[in-house]
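The values are calculated or read from the model by the stated rules, or taken from the named source; none is laboratory data. What you are looking at is a predicted structure, and each value in this text was computed from that prediction instead of being measured. Cβ atoms come from the backbone with ideal geometry, glycine included; neighbour counts cover every protein chain shown. Surface accessibility is based on the protein's heavy atoms, side chains included, excluding ligands, DNA and RNA. Shrake-Rupley method; radii C 1.70, N 1.55, O 1.52, S 1.80 Å.
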Amino acid sequence: MGDSVRLLSYNIHKGIGGRDRRYRLERIMSVIDAESPDIVCLQEVDRNVRRSRFDNQPALLEEWFKPAAHMFQFNVKVQDGGYGNLVLSRWPFRERHQISLTRHQRKPRGGQLAIIETPSGPLHLAHWHLGLSERERAWQTRHVLEHYLFRQASALPTMIVGDCNDWRNILARGPFEVHGFRQITAPPSRFRSFPAWMPVWSLDKAFVRGAIEITRVHVVRSRLTRDASDHLPLVIDFNL
């Protein structure tokens, strides 16, 4: 068995606190720092937007984390800037891809695919932030699972993480089951992550397939995480 890997998935809400509505990116950094993850998957990362002081958050987070590999996906335009998804990794990417998950006229969405060269072997990672409509989410999930870039790495241990917006917890019984994935954030009552200050819904989820041994999955509940964003972070410890 190889070394344990720790992944953190977190909707950082542009660094704006869910309760106090204050922009404090340093709180997000402190939350991440406290968990010492090897791989960081962030949603709602701002770049050049007034509400976050026109900060280039991907660059600031990269400078702070000092990853061996990183990948920012710009999805939603806001004035002259916007926001999207960010992956930071202690280890290099063998491959990296970004695909559109935008459906019809709905808000732009995207998915990120990477093969990460961990010390224990390659990990196939998919990271996303799904839409608000149930039909949209079902289409987005199928689109990723059936995408040729995703299927190219189907022989590798695979993990899918992110803000799924699946408040009714039905995705696991649909396309994920068809494609042989199991949900590791179940039962939902143990993984309530939104809203951070009084979590009711399990929106931040993870699914795995292949030779991945999960040792622990938990939502981080602390005074800092309740204040830093409107979501709580999800932390996954596993072996390949």
Subject >> Accessible surface, region 3-117, averaged per residue in Å² (probe 1.4 Å) >> reply: 45 Å²
**OP:** Name the residue, out of 100, 133, 89, whose mean-square fluctuation peaks in a Gaussian network model built on the chain with Cα pairs under 10 Å.
**Re:** 133
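Per residue, what accessible area does region 145-240 have, given a 1.4 Å probe and all protein chains present, in Å²?
On the way: 4190 Å² over 96 residues.
Accessible area per residue: 44 Å².
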**OP:** Using a 1.4 Å probe over the heavy atoms of the protein chains, calculate the carbon and sulfur portion of the accessible area of region 81-193 as a whole percent.
**Re:** 48 percent
Subject >> Kirkwood hydrodynamic radius over Cα pairs of region 1-129, then Stokes diffusion coefficient at 37 °C and 0.692 mPa s, in µm²/s >> reply: 216 µm²/s
Original post:
Once label points are set 7 Å from the Cα along Cα→Cβ at both residue 198 and residue 68, what is their separation, rounded to one decimal in nm?
Top reply: 4.5 nm
Original post:
Relative contact order, percent, of region 41-81 when contacts are C-alpha pairs under 8 Å separated by at least 6 residues?
Top reply: 40 percent
**OP:** Give the longest segment of the chain that steers clear of chymotrypsin sites (Phe, Trp or Tyr not before Pro) in DSSP loops with at most 15 neighbouring Cβ atoms within 10 Å, not counting the sites themselves.
**Re:** 55-166
Original post:
For residue 78, which sequence-distant residues (separation of 5 or more, or a different chain) have an amide H within less than 5 Å of its own amide H, given hydrogens modelled in the peptide plane?
Top reply: 83
**OP:** Calculate, in nm to one decimal, what residue 79 and residue 105 gain on full extension: separation in residues at 0.36 nm each, minus their alpha carbon distance.
**Re:** 7.5 nm
Original post:
Given region 79-180 reduced to its alpha-carbon atoms as identical point scatterers, what log10 I(q)/I(0) does the Debye formula return at q = 0.16, 0.20 Å⁻¹?
Top reply: -0.72, -1.07
